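Remarks on the structure that follows.
The values are calculated or read from the model by the stated rules, or taken from the named source; none is laboratory data. What you see is a predicted model, and the numbers here were worked out from it, not measured in a lab. Backbone-built Cβ (ideal geometry, glycine too); neighbour counts: all protein chains shown. Accessible surface areas use protein heavy atoms only, side chains included; no ligands, DNA or RNA. Shrake-Rupley method; radii C 1.70, N 1.55, O 1.52, S 1.80 Å.
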Amino acid sequence: MDPVIAVDLGASSGRVMKVALEDSFKVDEVHRFQNEPVYRRRRIRWNIQRLWSEVIRSIESVSGEASSVGICTWGVDFGLLDEEGNLLEEPVHYRDERTDGAMEWVFERVPRETIFQRTGVQFLKLNTIYQLASMVRGRSRALRRAETYLGIPDIFNYWLTGAKNSEFTHASTTQLLDPRGRDWNYEIIQGIGLPEKIFPEIIEPGTRLGDLKGVPVYAPACHDTGSAVVAVPTRDSEFAYISSGTWSLLGTEIKRPLINDEVYKLNFTNEGGAGGTIRLLKNLPGLWLEQELMREWIGKGATVTYSDLQEAAENTPAFTSLIDPNDTVFLKPGDMTGRIQEYCKGTGQPAPMSIGEHMRCVYESLALNYRRVMRQLEEITRTAYSRLHIIGGGSRNRVLSQMASDSTDCWVVAGPGEAAALGNGVVQYVSLGVLDDIRDARVVLAESEEIETYYPLEPEPWDEAYERFLQLVV
C-alpha cells in the first residue's frame, strides 16, 4: 500500500516524512524546516502561520501517494479560537516569562498536592495550567473572547479537517486532565477561574478526524514524545527510555497511572500513551543547551557543526566542571556560554572557555542527570533496568550515548533517530488495519540496522563525578 505521511513538529525543527512498511519500516524525508520563535506583542511566540504553510505545502505535494496523514508536535502549548473558529492570537512559547509566579498563584486557589492527586503530572512552570492561569491573572482579552481551547497539534488537525478535539496524549501534558477518567478535571479548571466551555472533547490516539482531499487524517499520539515511545525498538514489556531532543524525557511505559506520594515527591509525571498506556517519566533538560550554544557560536561567526561539538568534547579533559541542567537559569534563550560560566564560578568550579570545555560540561552533566533520574525511576517502579533506549534525534549523538552508558552502567540502545515520525506512522498503520498492534511494530523496529548499542567502558570515574553532581542538584 501507499506510505503514510507523518508530520512531526518539534520545538526546534519540523519534518514531514513518508513512512512505508514492507518487510521493515522505511522513512523518506519530504521536507525539513526550522521552527524559530518570534518576539511579538511583548511575548515569545510560535510562528504558527509559517509552520502551517510548511506543513500544508508538503502534505499536498505528496498526498496523491499517501494512505493517510497524521500530525504530532511538542507538548503544553496551545491556541484559543473565537466563536467563528479564528485563532485569536499566535500561540505563546512555553519559555516566555508570563508564567513567572503563576505556580504560586495557582496553589493559592488549588493546593499543589490536590493538583497532583487529580492529574498525576510533574510540576513545571511551563505547563499549560500555568500558562492559562497567567491569562486569568492578567485578565487576558483573548481568554475572555475564547470559545475553544486547542493544543498545537489540535490546531493543525482542525485546519486540516474542521474537527475541534483535544487528543489524549497531548491533553495529558496540560496538568488539567484526569488520566484515570481520561477527561478534563473540571474541579481544577473551575478552581483557577477558567471557562469550562472552551475545553473540547478528548479523543484517543488512532481516531479518524476526517479527510483531506480524500486522504484520511488520523490523530496518532499527537504529543511527539507519545509517538516516539511507540517506536522504542524492543521485544520487552518492561523497558526504560529517553526520548532525546530539545528535552530529554526519561521514563517507562505502564498500563495505568501511578499516582502516589513517592511519585509526587520525586516529581514524575503520568502522561498519555498510545494503545491505552501511560508514560511514567520525568521531563529533563536535553539538547536545548547544545542548540543554544551552537546558535550563539554561529551568531558570532564560528563555522561549527554538531559533529564538531562532539569531537571537541571528546578531546577535552573529563569532569572539569559540571552544571545542574535543571537550574532555571538555563531555561531561557540567549547568552548560554555566559550563564554556564557564571554558574561554574558561583559553585567554585573553573569556568569553561573553549567550545570543547563547554560541550564536555554539558554532555557530562546531562549524562549524570540521566543516572540520577534512572535511579529514581527504578525506585518508584521497583524495577532494575539493564538497558536504556535512547530514541529521537539525540540518539545520533554518539558521545552523549556513550556517556549515558558509562554514567548509568547500562547498555544503551540508540535509535531510531526519527522515532516520533515512525511512531506516528505506526499508529496510522494500526488504525488502517495493516498492523495488529504496537507490539508488532516494535519487533520489526528491533531488527532495524539503524539501531546501535553502546556498552559501559569506564563506569568507575563516573561514581566520583556523580557525588560531585549531587552536591549541585537542589
Task: Residue list for region 177-225, filter: hydroxyl-bearing (S, T, Y) and over 23 Å from the mean Cα position of the chain (by Cα) - done: Y186
Task: Scan of region 305-329 for residues that are small (G, A, S), in a helix (DSSP H, G or I) and surrounded by 19 or more Cβ atoms within 10 Å (Cβ to Cβ), ordered by number - done: A313
Task: Residues located in region 199-232, provided they are open to solvent by 10 Å² or more (accessible area, probe 1.4 Å), out of contact with any Pro (no Cβ under 7 Å at 6 or more places or on another chain) and in a loop (DSSP other than H, G, I, E, B) - done: F199, P200, E201, E204, G206, T207, K213, G214
- [ ] For R98, work out the one condition from (1) over 17 Å from W159 (Cβ atoms); (2) in a loop (DSSP other than H, G, I, E, B); (3) charged (D, E, K, R) it doesn't fulfil.
- [x] (2)
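Yes or no, residue by residue, for (1) more than 21 Å from the chain's Cα centre (by Cα); (2) assigned to a strand (DSSP E or B):
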residue: D2; (1), (2): yes, no
residue: I5; (1), (2): no, yes
residue: A20; (1), (2): yes, yes
residue: V27; (1), (2): no, yes
residue: V55; (1), (2): no, no
residue: E60; (1), (2): yes, no
residue: G75; (1), (2): no, no
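Name the residue, out of V62, V16, V30, V4, that is over 16 Å from I152 (Cβ atoms) and buried (at least 21 other Cβ atoms within 10 Å of the Cβ).
Values: V62 fails: buried (at least 21 other Cβ atoms within 10 Å of the Cβ); V16 fails: over 16 Å from I152 (Cβ atoms); V30 fails: buried (at least 21 other Cβ atoms within 10 Å of the Cβ).
From the options V62, V16, V30, V4, the qualifying one is V4.
In region 36-53, what residues are under 21 Å from R15 (Cβ atoms) and assigned to a loop (DSSP other than H, G, I, E, B)?
Narrowing region 36-53 to residues under 21 Å from R15 (Cβ atoms): 36-38, 46-53.
Listed by number, the residues that qualify are E36, P37, W46, N47.
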Open item on the list: I need every pair where a residue in region 431-446 that is farther than 16 Å from E238 by Cα has its Cβ under 7 Å from the Cβ of a residue that is charged (D, E, K, R) and open to solvent by 60 Å² or more (accessible area, probe 1.4 Å), sequence separation at least 6 or different chains.
Closed with: S431/R208
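Does region 330-350 hold any residues that are on the phi < 0 side of the Ramachandran plot and either at pLDDT below 95 or buried (at least 16 other Cβ atoms within 10 Å of the Cβ) (or both), and which are they?
Filtering region 330-350 for residues on the phi < 0 side of the Ramachandran plot gives 330-333, 336-347, 349-350.
Listed by number, the residues that qualify are F330, L331, K332, P333, M336, T337, R339, I340, Q341, Y343, C344, Q349.
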